[in-house]
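Colleague: If you scroll down you'll find the structure; I have some questions about it.
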Amino acid sequence: MPETPKLSLAIAPWSKEHDASQFTSDLASIKKYIQEQAHRDVSSYTSSIFVLTEPASMVIRGYYSLSSLSIIFAELPEKVQKKLPRYRETSAILLGRLGVDKDYSRRLQEESGAKPRLGELLLADAQIRCLKNSKDVGSALLVIDAEMPTPEEHLYGALDPLPFYARYGFVPLTANPRRVIKSMRAIAAEFKTA
């Protein structure tokens with residue numbers, strides 16, 4: 001099996017100079033968000049968006065968005081509850097969207113013979129960024145809403161993202177199994193930081 005290619009990429013905060021016009025995705029909502037909604041969310045301070053680009057390029061090849069959230073304590077899995085203070089709500093960061101430019105990823109795979117793993121790169125960066133931010137503004141959890149592709153999107157190759165997040169240690173909330181969480185404690189252990 002070929003190794004994951006070594007790529008020179010950068011992840012930085014979104015700016016209006018970034019170009020999302022070439023961005024493709026099997027999920028219409030992922031494409032629409034970066035092309036039509038991102039600028040409004042950033043300018044209104046609703047979300048922070050981080051984009052993946054090649055050096056010296058402003059073309060967006062992947063992205064994720066982060067915003068604040070609180071989770072009702074009783075909705076957390078018992079295993080998670082045991083490791084948190086018993087406040088009515090628990091602080092969290094929502095990774096609201098994570099998307100990779102499908103055509104760009106396919107091109108990299110064709111050139112190298114190996115999957116570029118851009119989604120994993122973005123997820124790792126998001127976890128590290130959230131962990132660092134949680135030291136300034138306490139956040140006990142990272143939360144992701146794993147959007148189910150429509151039947152039509154499935155026909156065109158879209159995959160359910162839930163198994164992807166489960167593979168990286170995210171567990172479903174009791175009340176909503178499509179909302180997955182990971183504690184900052186688990187992220188710190190995974191990335192060996194305090």
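The values are calculated or read from the model by the stated rules, or taken from the named source; none is laboratory data. Bear in mind the structure is a predicted one, so any value in this text is a computation, not a measurement. Using ideal geometry, Cβ is built from the backbone for each residue, glycine included, and neighbour counts are taken over all protein chains shown. These accessible areas exclude ligands, DNA and RNA; they are computed on the full protein's heavy atoms, side chains included. Shrake-Rupley method; radii C 1.70, N 1.55, O 1.52, S 1.80 Å.
Colleague: Roughly how many Å² is the accessible area per residue of region 1-82, as a whole number, for a 1.4 Å probe?
Modeller: Numbers: 4660 Å² over 82 residues.
Normalised by residue count, the accessible surface of region 1-82 is 57 Å².
Colleague: For region 103-164, which trypsin sites (Lys or Arg not before Pro) are both in a DSSP coil and crowded by at most 15 other Cβ atoms within 10 Å? Please list the in-between numbers first.
Modeller: Details: sites: Arg106, Arg107, Arg117, Arg129, Lys132, Lys135; in loops: Arg117, Lys135.
Sites meeting the loop and neighbour criteria: Lys135.
Colleague: If you add up the charges near Gln22, with Lys and Arg at +1 and Asp and Glu at -1, over every other residue whose beta carbon is less than 14 angstrom from its beta carbon, what do you get?
Modeller: Here the count lands on +1.
Colleague: Quick one: if you take sqrt(5λ) for each eigenvalue of the C-alpha gyration tensor of region 1-87, what semi-axes come out, biggest first, whole angstrom? Intermediate values should be presented prior to the final figure.
Modeller: Numbers: eigenvalues 195, 78, 33 Å².
Its equivalent ellipsoid spans semi-axes of 31, 20, 13 Å.
Colleague: Here's something else I'd like to know. Of Phe73, Ser29, Ala114, which is farthest on the positive side of the dipole of region 20-178, counting Cα position, with +1 on Lys and Arg Cβ, -1 on Asp and Glu Cβ, and the Cα centre as origin?
Modeller: With unit charges placed on the Cβ atoms, the residue in question is Phe73.
Colleague: What does the helix-only formula give at 222 nm for the chain: each DSSP H stretch with n ≥ 4 adding -39500 (n - 2.57), the total divided by the residues, and the result rounded to the nearest 500 deg cm²/dmol? Don't skip to the answer; put the middle values down first.
Modeller: Details: 8 runs with 61 residues, N = 194.
About -8000 deg cm²/dmol.
Colleague: Report relative contact order for the chain in percent, whole number only (criteria: Cα-Cα under 8 Å, sequence separation at least 6). Before the final figure, lay out each step's value.
Modeller: Working: 300 pairs, mean separation 39.9, N = 194.
Once divided by the residue count of the chain, the mean separation gives 21 percent.
Colleague: How much of the accessible area of the chain, in percent, comes from carbon and sulfur atoms when a 1.4 Å probe is used?
Modeller: Working: 6020 of 10900 Å².
The computed percentage sits at 55.
Colleague: Just give me a number: lysine pairs in the chain, eight or more positions apart or cross-chain, with C-alpha atoms less than 19 Å apart.
Modeller: 17
Colleague: List the residues, sorted by chain then number, that are 5 or more residues from Ala140 or on another chain and whose placed amide H is less than 5 Å from its amide H.
Modeller: Answer set, sorted by chain and number: Ser91, Ala92.
Colleague: Right, something else. Grab the other residues whose beta carbon is less than 12 angstrom from that of Asp101, score K and R as +1, D and E as -1, and report the net.
Modeller: Details: positive: Lys31, Arg61, Lys102, Arg106, Arg107; negative: Asp19, Asp26, Glu54, Asp103.
Summing Lys and Arg as +1 and Asp and Glu as -1 gives +1.
Colleague: First select every other residue whose beta carbon is under 14 angstrom from the beta carbon of Thr174; then total the charges, Lys and Arg +1, Asp and Glu -1. All intermediate terms of the calculation are to be shown ahead of the outcome.
Modeller: Values: positive: Lys79, Lys82, Arg178, Arg179; negative: Glu75, Glu78.
Its environment carries a net charge of +2.
Colleague: With a 1.4 Å probe and all protein chains left in place, how much accessible area per residue does region 135-191 have, in Å²? Intermediate results must be reported in sequence, preceding the final value.
Modeller: On the way: 3170 Å² over 57 residues.
Each residue of region 135-191 exposes 56 Å² on average to a 1.4 Å probe.
Colleague: Continuing with this model, one more query. Say we join alpha carbon atoms closer than 10 Å with springs in a Gaussian network model of the chain; which of Gln35, Gln109, Gln127 then has the biggest fluctuation?
Modeller: Top of the fluctuation ranking is Gln109.
Colleague: Each label point is 7 Å from the Cα along the Cα-to-Cβ direction; what then is the distance between the points at Glu89 and Ile128, in nm?
Modeller: Here the answer is 3.1 nm between the modelled labels.
Colleague: Quick check: residue separation of Thr150 and Ser57 times 0.36 nm, minus the Cα distance between them. What number comes out in nm?
Modeller: 30.2 nm
Colleague: Can you list the trypsin sites (Lys or Arg not before Pro) in region 1-84 that are in a DSSP coil and have 11 or fewer other beta carbons within 10 angstrom?
Modeller: Values: sites: Lys6, Lys16, Lys31, Lys32, Arg40, Arg61, Lys79, Lys82, Lys83; in loops: Lys6, Lys16, Arg61, Lys82, Lys83.
Taking region 1-84 and a limit of 11 other Cβ atoms within 10 Å, the loop trypsin sites (Lys or Arg not before Pro) found are Lys6, Lys16, Lys82, Lys83.
Colleague: To continue, here is another question. Mind checking the angle between helix 102-112 and the chain's longest principal axis? C-alpha axes, 0 to 90 degrees, to the nearest 10.
Modeller: 70
Colleague: Considering the convex hull of the alpha carbon atoms of region 76-194, report its projected area averaged over all viewing directions, in nm², one decimal.
Modeller: Working: hull surface 35.2 nm².
Mean shadow area of the hull around the Cα atoms is 8.8 nm².
Colleague: Moving on. When only Cα pairs under 8 Å and 6 or more residues apart are kept, what is the percent relative contact order across region 1-84? All intermediate terms of the calculation are to be shown ahead of the outcome.
Modeller: On the way: 84 pairs, mean separation 25.4, N = 84.
Once divided by the residue count of region 1-84, the mean separation gives 30 percent.
Colleague: Subtract the Cα-Cα distance of Lys115 and Gln35 from 0.36 nm times their separation in residues, and report this length gain in nm to one decimal.
Modeller: Working: separation 80, 0.36 × 80 = 28.80 nm, distance 2.49 nm.
Additional length available on full extension: 26.3 nm.
Colleague: Which of these, Ser91, Ser183, Ser44, has the largest mean-square fluctuation under a Gaussian network model of the chain (Cα springs below 10 Å)?
Modeller: Ser44
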